Amino acid sequence: MATEICLRNYRSAAEIPAALEAAGFTLVPGMDEGVSEVTGPRIFGWVDPSQNYCSFQSTDVPLADAIAMGSALAGTLFPDMVQEGHPERGLSSPCDGLSIFAPQSLIWVHYAAAGNSGECNVDGTSAIILNL
């Protein structure tokens with residue numbers, strides 16, 4: 001649900017924190033100015049509307065499931081506007097995700113294991129990262 005909220009608000013990123021709170025997520029100020037830490041059932045993450053950035057992680061959702069959920073959501077919200085891979089490099093690993101050629105914006109959805117490494121490890125955890 002958090003990923004969907006970010007994708008639906010890609011043109012109005014400043015509204016993402018309020019939309020997350022309205023959906024029941026808890027937001028507190030993060031360490032960096034303008035960044036909010038997000039917590040909810042089975043997820044944690046960060047939102048930075050000034051940088052058009054959302055990242056949600058789970059230690060309960062395997063990477064393959066996160067990739068499948070991200071792809072299905074992108075295809076539903078942006079039919080015929082989704083291409084696999086990084087916007088500039090294409091697809092060299094499953095974590096390169098997909099590019100959404102949305103109206104007036106290019107959105108990159110990519111994946112990693114939960115944590116700060118950014119690695120594409122299959123360890124039973126996942127992160128969905130959105131560059132709006």
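How many percent of the accessible area of region 55-132 is carbon or sulfur, using a 1.4 Å probe?
Here it works out to 52 percent.
Using volume of the Cα convex hull per residue in Å³ as the read-out, say which of [x] 233; [y] 268; [z] 100 was calculated from these coordinates.
Checking each listed value against the structure points to [z].
So what is log10(I(q)/I(0)) for region 1-65 at q = 0.11, 0.13, 0.27 1/Å, when the Debye sum runs over its Cα atoms only?
Those come out to -0.22, -0.31, -1.23, one per q.
Would you tally the net charge around S126, using a Cβ to Cβ cut-off of less than 11 Å, leaving S126 out, and scoring K and R as +1, D and E as -1?
My count for the surroundings of S126 gives -2.
Can you give the net charge of the other residues whose Cβ lies under 15 Å from the Cβ of D48, counting K and R as +1 and D and E as -1?
Within the 15 Å Cβ shell, the charges total -4.
Sorted by average packing, counted as other Cβ atoms within 10 angstrom per residue and highest first, what order do 108-121, 50-63 take?
On the way: 108-121: 17.0, 50-63: 18.6.
Per-residue Cβ counts within 10 Å, averaged per peptide and sorted highest first, yield 50-63, 108-121.
If we count every other residue with Cβ under 12 angstrom of I107's Cβ, Lys/Arg +1 and Asp/Glu -1, where does the sum land?
My count for the surroundings of I107 gives +2.
The values are calculated or read from the model by the stated rules, or taken from the named source; none is laboratory data. Given the structure is predicted, the values throughout are model-derived calculations rather than measurements. Every residue, glycine as well, gets a Cβ built from its backbone with ideal geometry; the counts of neighbours run over all protein chains shown. Surface accessibility is based on the protein's heavy atoms, side chains included, excluding ligands, DNA and RNA. Shrake-Rupley method; radii C 1.70, N 1.55, O 1.52, S 1.80 Å.
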